[in-house]
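A short reminder: the numbers here are calculations on the coordinates, not readings from a lab. Keep in mind that this is a model prediction, so the values were computed, not measured. Quick reminder, even Gly has a Cβ in these numbers, built from the backbone with ideal geometry, and neighbours come from all protein chains shown.
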Amino acid sequence: MILFPAVDIKDGQCVRLRQGKEDEVTVFSADPVQQASAWEAAGAEYLHVVDLDGAFSGLPRNFDLIRSICGKLDIPVQLGGGVRDLEIAKSYFDAGVARLIIGTLALERPEAFAELAAAFPGKIGVSLDGVDGRLKTRGWVRDSGLMVSDVLERLTKDGAAFVVYTDISRDGMHSGVNLEAMTDLCRSSSLPVIAAGGVHNLEDLQKLYPLGELGLEGAVSGRALYDGSLDFAEAAAWLKAQG
């Protein structure tokens, strides 16, 4: 099980939002490249980067910063936010991103998503961001009218390599993981799943860990790592001890 530290970029800074709300911002670092390097130095295996400006605007707003992060690190980077066509995807892969996480395109333009997944097999995941299973798009501000159960089979057929599920109601709230929802998703998905939203402390990771037998690949954590309620070194040591 991989613990993915999150570097969310907005206005050139490393931030976290509460429940994905654009106006509820906490700045944790003025230098996302330095912060990314710090996570690698701490022992991270993989970095989770989100271009929040891109997610809201639909365009890559922090491309140069993300390219600098990829150039600086030896560990792989997965990226989400603002990737809505083949050209943008290719530019990010050329910049060193290991795999992309697609949200809006996957839900609103299925044919375009299938084309993207076919062009980059094994490198395109899907971000499923929901409240009570009801999915949001365009930076979590538009209701898609879809439930998780409505799209899983289609996404699998269209070539998705993995799924990142964020419980929006718990994101950045220190409220703990929605274990029931994650268990249901892992059982119903044939794709690897990454949990996001609500990973508050080591106990949350310990609760999620058994889901590895059902296809859970890992968990993303942001605010908890920056605030210190989840100690990265302690969490990494515990995960390593599980074998």
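Arranged by the count of other C-beta atoms within 10 angstrom, fewest first, what order do 168, 2, 102 take?
Ordered from fewest to most neighbouring Cβ atoms within 10 Å, 168, 2, 102 come out as 2, 168, 102.
Under a Cβ-only charge scheme (Lys and Arg +1, Asp and Glu -1), can you give me the dipole magnitude of the chain about the Cα centre, in debye to the nearest 20?
220
Quick check of the Kirkwood formula: for the stretch 2-241, what is the inverse mean of 1/r over all pairs of different Cα atoms, in Å?
One decimal place: 17.5 Å for the Kirkwood radius.
In what sequence do 238, 39 fall when counting other Cβ within 10 Å, fewest first?
If I rank by nearby Cβ atoms, fewest first, I get 238, 39.
Considering Cα pairs under 8 angstrom that are at least six residues apart, work out the relative contact order of the stretch 2-241 and quote it in whole percent.
Rounded, it is 17 percent for the stretch 2-241.
Scan the chain and report its longest stretch carrying no GluC sites (Glu not before Pro) that are both in a DSSP loop and have at most 16 other Cβ atoms within 10 Å.
46-243
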